[in-house]
1. Can you put 4, 102 in order of Cβ neighbours within 10 angstrom, beginning with the fewest?
2. Report the paramagnetic label zone for residue 19: residues of the stretch 79-99 whose backbone N is under 13 Å from a point 7 Å from Cα along the Cα-to-Cβ axis.
3. I'd like the FRET efficiency for residue 41 and residue 62, computed as 1/(1 + (r/R0)^6) with the beta carbon distance as r and R0 of 30 Å, rounded to 0.05.
4. Along its principal axes, what span do the Cα atoms of the chain show, with the longest given first and each in whole Å?
5. How much net charge surrounds residue 113 when only the other residues with a Cβ under 15 Å from the Cβ of residue 113 are counted, with Lys and Arg +1 and Asp and Glu -1?
6. Note the full-extension length gain between residue 53 and residue 117 as 0.36 nm times their separation in residues minus their Cα-Cα distance, in nm to one decimal.
7. Taking only Cα atoms and a 10 Å spring cutoff, compute GNM fluctuations for the chain and point out the largest among 73, 105, 16.
8. Please give the helix 17-28 orientation as an angle from the longest Cα principal axis of the chain, in degrees from 0 to 90, rounded to the nearest 10.
Amino acid sequence: MDEHEKINYVEFPARDIEAAKKFFTTVFAWSFVDYGSDYTAFTNEGIDGGFFKSALSSSAKKGAALIVFYSNDLNMTKSKIEKAGGSNLKAIFCFPGGRRFHFSDPNGNEYAVWTDK
């Protein structure tokens with residue numbers, strides 16, 4: 001794939017970078033590389049990215065872009081998120097083409113998970 005002018009990287013704010021690492025490692029099996037105490041990066045997760053130290057959080061209600069994960073088993077993923085300390089923001093709902101729910105990570109960033117199953 002030609003990478004020229006394609007989305008290449010995404011960065012998320014995190015009040016607590018260690019909490020972000022623990023959450024995403026537990027739920028999605030991500031691994032991280034730290035670059036000092038104020039930044040950590042992940043790779044090979046659909047897109048590469050990182051978390052930077054910030055008191056802010058990302059929310060679709062505030063106009064932020066919404067990152068949407070795919071799951072083969074929506075209920076299993078929802079359960080893993082809840083057990084790891086994520087918060088349910090929108091219960092599972094149907095839309096043309098599938099079902100999804102919204103959640104926040106321990107830092108308050110909003111995400112969604114969808115399935116076509």
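1. Listed from fewest to most nearby Cβ atoms, that is 4, 102.
2. Answer for the stretch 79-99: 85-87.
3. Efficiency, rounded to the nearest 0.05: 0.80.
4. Reported extents, whole Å, longest axis first: 41, 37, 28.
5. So the surrounding residues net to +1.
6. Stretched out fully, the residue 53 to residue 117 stretch lengthens by 19.4 nm.
7. 73
8. Between helix and principal axis, roughly 40 degrees.
Readers should treat all values here as calculations from the given coordinates under stated rules, not as data from a laboratory. None of the values given here were measured: they were computed from a predicted structure. FYI the Cβ positions are ideal-geometry reconstructions off the backbone, even for glycines, and counts take in every protein chain you see.
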